[in-house]
Amino acid sequence: MKITLIYVIAQIIVIIGYIFLAMTYFLKDRKNIILANFLSLLAAGISFLLLSAYTGLSMVLVAIIRNIIFLFEDKENKRNIVVLIVLLFISTCFAYFTYNGFLSLLAVFATMLYTYALWQKNPKLYKILGIPVSLLGIFYNIYILSIFGTILEGIILLVSAVSTMIDYRKKLIKERW
């Protein structure tokens, strides 16, 4: 791997993106959460572009579309299976046009799984699905040689796993009493 100025800039942008992503876990206002998430996706998209990771870039576009749709669906307080199918279809189409070997599909699988996790409204399932999504993200970042993407996605994996274990432990304690 050759360390170029573009690579260093991409890694800095990755860090900025994960800072915005981390902020979403601490914000309370939905508008601010969505704004921070959008900025996180924007940073990820720029980073993927700089790293020539076009499948990852296309999945960022799917995520932006998904978040906009889900934002409007949330206002109506419903989930539409057709919307989920369309989003998965769009992911598949983008994957077809950006395919660069099997490992490039890791970003697609992560996006599809994350889309499903967000689509259903069960926070426990969302947290559990965060584990395989993060694993796929780690392997995709390794594939595109994003050092900080790999490290920071590993931290997200750890947070997802710990959060899931805390929920499981609370459930066990509640059942005992």
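Quick notes on this one:
- Most positive-pole-ward Cα, 25, 48, 112, against dipole of segment 5-176 from beta carbon charges: 25
- Volume of the Cα convex hull of segment 53-147, divided per residue and given in Å³: 87 Å³
- Relative contact order [Cα under 8 Å, 6+ residues apart], segment 5-176, whole percent: 19 percent
- Axis angle, to the nearest 10 degrees, between helix 81-98 and the longest C-alpha principal axis of the chain: 20 degrees.
- Rg and Dmax over the alpha-carbon atoms of the chain stand at 16.6, 58 Å.
- In Hz, Karplus ³J(HN,Hα) per residue of segment 116-123 (6.51, -1.76, 1.60; θ = phi - 60°; x = Gly, Pro): 5, 4, 6, 5, 7, 9, 9, x
- Cα gyration tensor shape of segment 21-97, rounded if a/c is under 1.5, else prolate or oblate by comparing a/b with b/c: oblate
- Segment 97-151 pair-distance distribution - Cα-Cα, 10 Å bins, rounded %: 25, 47, 24, 4
- Segment 5-176 - charge dipole about Cα centre, Lys and Arg +1 at Cβ, Asp and Glu -1, debye rounded to 20: 740 debye
- Degrees, to the nearest 10: 54-76 long Cα axis against longest axis of the chain: 30 degrees
Rule-based calculations on the coordinates, nothing more; no lab input. All values derive from a computational prediction rather than experimental measurement. Here Cβ is always computed from backbone atoms with ideal geometry, including for glycine, and neighbour counts include all displayed protein chains.
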